[in-house]
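Laboratory data are not the source of any read-out in this text; all were calculated from the coordinates shown. Quick caveat: nothing in here was measured; it's all calculated off a predicted structure. Neighbour counts run over all protein chains shown; Cβ positions are idealised from the backbone, glycine included.
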Amino acid sequence: MISVWAVTVFGEISWLWNNMVGAVVAIGVGYLVSMVTPAPAAEKIQGLTLGKIQEGIVTRAETAESVDVVEEEKETTRWPIYLVIYFFIVIAFLLYLQNM
């Protein structure tokens, strides 16, 4: 929030860019903190990482009784892609609004 405030007060950009500034700063700080601090134990993050989730889906797919259940689980792995696409659509819309 401090970065967004600083950009708002001292920057000469549209307020529509505050979301982008906040997102970039949050990702950057998170990445830096992850580089400085030790990795958590595997037991703490079990089931939270995408690789483990996909391994679980593959295991259930191999033993599934119904193909419908497997297809529903495959669709749930696409949500990150949808979020990234949505993010770029919002950025494009904000650029359009700024240039009106």
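If you plug the beta carbon distance of Ile13 and Ser34 into 1/(1 + (r/R0)^6) with R0 = 30 Å, you get a FRET efficiency near 0.60.
Subtracting the Cα-Cα distance of Ile27 and Ile45 from their residue separation scaled by 0.36 nm leaves 4.6 nm.
The modelled label-to-label distance for the pair Tyr82/Thr59, using points 7 Å beyond Cα in the direction of Cβ, is 2.6 nm.
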